[in-house]
Each structure stands twice: as C-alpha cells, then as structure tokens.
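To start, the structure under review is shown below, and the notes come after it.
The values are calculated or read from the model by the stated rules, or taken from the named source; none is laboratory data. Being a predicted model, the structure only gives us computed values, none of them experimental. Every residue, glycine among them, receives a Cβ derived from its backbone with ideal geometry; neighbour counts consider all protein chains shown.
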Amino acid sequence: MQAPTQRAKSKQKGKPTELGQAIRRRRKAMGKTLDQVAKSAELTTGFLSQVERGLSSPSLTSLMSIAAALQTSVEQLLSVPEVFSQYVARDNRQSYSLGTRGRFYEKLGPGFAGALFHPQIVHRPPGHVSEHMCHTGEAFCYLLSGQLEYHLGDRVFTMSPGDVIHHDTSTPHYSIVLGETEAVELWVTTSPINNAANENSPS
C-alpha cells in the first residue's frame with residue numbers, strides 16, 4: 001500500500017511553467033486580457049502575469065479563482081482527471097503538487113458537480129509562506145500536524161495541532177509554516193463565484 005505522501009510526491013502535475021502555459025492558452029482561446037481575468041479572479045494583473053510566465057505558483061484558492069474566471073476547472077488546467085465521488089477511500093485520493101517547493105494537495109472532494117465546498121489536505125514544507133490573499137468566500141482550516149503562524153487582518157495566531165481557524169476570506173490573510181517539520185492542514189473552502197460570463201469581451 002502506497003502512503004498518501006509517497007503518492008503525492010510521485011505526481012509531477014502543477015509545475016509552474018506547465019501550469020502557466022495552460023492558463024495562458026485558455027485565456028488566449030477565450031480572447032480575454034490579463035486585466036480581465038485578474039479582475040474576475042480577484043488577483044493583481046502582475047501576479048497573474050507571473051503565474052503565466054512560470055515565475056510564481058498560485059495557491060489552490062487562487063488557482064480555483066483563475067479556473068472560474070476562465071470557465072474551466074483546476075483539473076483541466078493541471079491535466080489531471082476530474083473525478084466526482086460521494087465516497088472517497090483513503091487509498092484512492094487524488095493528489096497533485098503546485099510549484100516546486102514540496103507543496104502538494106490530497107483531494108477529499110468534491111463529491112458532485114457544482115459542489116460549493118472543496119475539502120483538501122494540504123502539505124507544506126518548513127518555512128513555506130503562503131500567498132497573501134483577500135477574496136470573496138469562506139475558509140476553514142484544522143491543523144493536523146506541524147505549526148503555523150496565521151495572519152488574519154491585524155491579528156496573528158500561532159496554531160498547533162488540533163487548532164482551528166474559520167473566517168471570511170475577504171479579510172486579508174496568509175500563513176507561515178514554523179519549525180522544522182512540514183505542516184499538514186485540513187482545509188474546506190468555498191468555490192469562487194464565476195463572474196466570467198458577465199464580462200465583456202476585449203475590444
């Protein structure tokens with residue numbers, strides 16, 4: 001039996017250059033500008049440009065927002081199978097990496113098309129600093145192992161295993177993995193609202 005960590009580390013999906021190229025191809029195919037997609041995804045144009053050029057790797061939340069703005073899915077951008085299942089056995093979890101710093105994800109859902117909640121187990125290496133985020137939605141994090149310094153607005157929380165944080169994601173937030181061991185985090189986030197259909201095409 002292959003452990004989840006071994007399975008995930010064997011995945012090579014989500015390399016910054018390949019992901020950036022996939023995003024750019026999709027954006028060009030839709031005839032959208034960087035500004036339009038960034039605005040819809042609630043990201044800066046500069047950050048999206050860095051993602052497309054493979055210079056930055058987005059968080060899963062930002063990637064979900066980019067996918068929604070491009071009327072596609074994270075799975076399609078990463079070229080991984082899009083599987084919906086109400087029951088997921090421990091040994092059958094999908095997993096994939098984002099970036100090259102040991103950050104990877106185990107999918108725990110969604111159980112059906114159109115689901116509003118997206119549960120994941122996130123593995124991050126020591127010292128990893130998450131993307132600074134501020135967007136529409138809701139997030140819940142239960143720390144399974146490791147230690148986090150979680151910045152939420154003007155407040156800073158030091159999280160240990162068993163601690164929980166649950167907040168409106170319109171408050172600016174980011175986190176840092178403390179110590180010398182990886183952080184393993186159970187996240188449940190809401191799907192971004194897809195405003196792409198309401199945008200005008202570029203002139």
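General observations
- Top-ranked residue in the range 62-82 [being of a type in the set (Ser, Thr, Tyr) and in a helix (DSSP H, G or I); ranked as surrounded by the fewest Cβ atoms within 10 Å (Cβ to Cβ)]: 62
- Restricting the range 1-60 to residues that are at pLDDT 95 or above and in contact with a Lys or Arg (Cβ under 7 Å, 6 or more places away or on another chain), the residue that is farthest from residue 72 (Cα to Cα): 52
- For the range 179-203, the candidate set comprises residues that are at pLDDT 95 or above and not in a strand (DSSP E or B); within that set, the residue that is nearest to residue 141 (Cα to Cα) is 182.
- In the range 83-113, the qualifying residues are those that are of a type in the set (Phe, Trp, Tyr) and touching a His at 6+ places or on another chain (Cβ under 9 Å), and the one that is surrounded by the fewest Cβ atoms within 10 Å (Cβ to Cβ) is 105.
- Selection within the range 97-119: residues that are in a strand (DSSP E or B) and closer than 22 Å to residue 20 by Cα. The member of this set that is modelled with the lowest pLDDT is 97.
- Residue within the range 135-156 that is more than 18 Å from residue 101 (Cα to Cα), surrounded by fewer than 13 Cβ atoms within 10 Å (Cβ to Cβ) and touching a Phe, Trp or Tyr at 6+ places or on another chain (Cβ under 6 Å) present: no
- The residues of the range 177-194 that are in contact with a Ser or Thr (Cβ under 8 Å, 6 or more places away or on another chain) and under 14 Å from residue 122 (Cβ atoms), listed by number, are 182, 183, 184, 189.
- Subset of the range 29-61 that is assigned to a helix (DSSP H, G or I), of a type outside the set (A, V, I, L, M, F, W, C) and out of contact with any Gly (no Cβ under 8 Å at 6 or more places or on another chain) - its residue that is surrounded by the most Cβ atoms within 10 Å (Cβ to Cβ): 40
- Considering only residues in the range 135-176 that are within 17 Å of residue 118 (Cβ to Cβ) and hydroxyl-bearing (Ser, Thr, Tyr), the one that is farthest from the chain's Cα centre (by Cα) turns out to be 142.
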